[in-house]
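Taking it in order: structure first as structure tokens, then the write-up.
Values in this text are rule-based calculations from the coordinates and carry no lab data. For clarity, every value in this text was computed on a predicted model and none was experimentally measured. Note: ideal-geometry Cβ built from the backbone for every residue, glycine included; neighbour counts use all protein chains shown.
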Amino acid sequence: MQAIRWIAAAAVALSPALAAAQTTTLRVVSAFPENGIYVKRLESWIERLNAEKGPVQLSFIGGPKAIPTFEVGKAVQGGVVDMALSTGAFYTNVFPESDALKLTQMPVAEQRRNGALALVNKIWGEKGNMFYLARIVENQPFHLYINKPITSPDLKGLKIRITPVYRDFFSSMGATVMQTAPGEVYTALERGVVDGYGWPVGGIFDANWHEKTKFRVDPGFYDAEVSLIVN
């Protein structure tokens with residue numbers, strides 16, 4: 001069977017006419033804003049893949065303006081789109097286990113070797129009708145960013161923007177939590193709707209959140225998980 005698949009793939013690659021006839025275009029969206037580093041990397045990858053003119057082409061539809069951040073998981077599950085750049089915390093409304101990967105302390109390469117990723121895909125397939133294609137961010141902890149100084153792990157009186165990633169964590173320290181999409185955070189900070197937020201260090205400069213941020217609380221916690229999921 002593997003030999004047949006290899007021969008078929010080679011035939012497509014060697015025959016431009018056949019390749020054109022069998023080209024499949026997949027629709028891709030992002031749960032993250034289009035001006036962020038994650039999406040820029042995605043677009044670069046799509047450009048390289050499409051340049052190879054293989055049997056699969058990718059069409060990037062857009063970010064949250066195309067499909068709202070917290071609806072992307074359902075869009076993949078239902079086949080409204082074929083592929084998405086997201087994080088499990090954004091589609092807990094599809095199945096709650098999707099948020100578990102923030103807790104892993106094992107590199108993705110090791111997960112592939114020891115069968116952990118196969119188990120992930122079994123769960124994602126059964127509960128989300130999706131395939132966990134690739135994790136593109138790891139070893140990047142979250143931090144709490146705030147505009148009012150604190151001297152102890154006490155967030156009482158602070159309004160903190162959250163996603164399901166750290167809802168329980170911040171709530172346990174007394175914070176008033178508010179869930180918003182990433183694209184709404186800057187305005188929420190500017191208007192004083194929130195006093196802070198949780199996010200990996202790699203993303204706050206893309207959306208200019210640093211302009212409205214005074215303090216970062218150390219140490220970091222969890223491990224940011226950003227990945228590609230496919231219907």
Practice task
Excluding residues fewer than 8 places away in the same chain, name every one of the lysines whose C-alpha is closer than 28 Å to that of K212.
Solution key: K40, K65, K102, K148, K156, K159
Exercise for the section: Label the stretch 142-223 by shape, choosing from rounded, prolate and oblate, from the square roots a ≥ b ≥ c of the eigenvalues of the Cα gyration tensor; if a/c is under 1.5 it is rounded, and otherwise prolate applies when a/b is larger than b/c, oblate when it is not. Expected result: rounded
Handout entry: Helix 116-128 axis, angle to the chain major axis (alpha carbon atoms, nearest 10°)
Key = 90
Practice task
With mean projected area of the Cα convex hull in nm² in mind, check (1) 13.9; (2) 12.0; (3) 19.2 and report the label derived from this structure.
Solution key: (1)
Handout entry: Degrees, to the nearest 10: 2-14 long Cα axis against longest axis of the chain
Key = 90
Handout entry: Expected 222 nm ellipticity per residue - DSSP helices of 4 or more, -39500 (n - 2.57), all of the chain, to 500
Key = -9000 deg cm²/dmol
Problem - Where chymotrypsin sites (Phe, Trp or Tyr not before Pro) fall in DSSP loop in the stretch 104-139, at most 13 other Cβ within 10 Å - result: none
Completion exercise
When the charge dipole of the stretch 2-138 is computed with +1 at the Cβ of Lys and Arg and -1 at the Cβ of Asp and Glu, the Cα pointing farthest to the positive end, of M130, G73, Y91, is that of M130
Completion exercise
Exposed-loop cut sites defined as trypsin sites (Lys or Arg not before Pro) in DSSP loop states with at most 12 other Cβ within 10 angstrom; longest site-free run of the chain spans 66-155
Exercise for the section: Report the charge-dipole magnitude of the chain in Debye, nearest 20, computed about the Cα centre from +1 at each Lys and Arg Cβ and -1 at each Asp and Glu Cβ. Expected result: 80
Handout entry: Net charge contributed by nearby residues that have their C-beta within less than 11 Å of K148 (K/R +1, D/E -1)
Key = +1
Completion exercise
One finds the C-alpha centres of the stretch 71-116 and the stretch 125-151 to be spaced, in Å, by 10
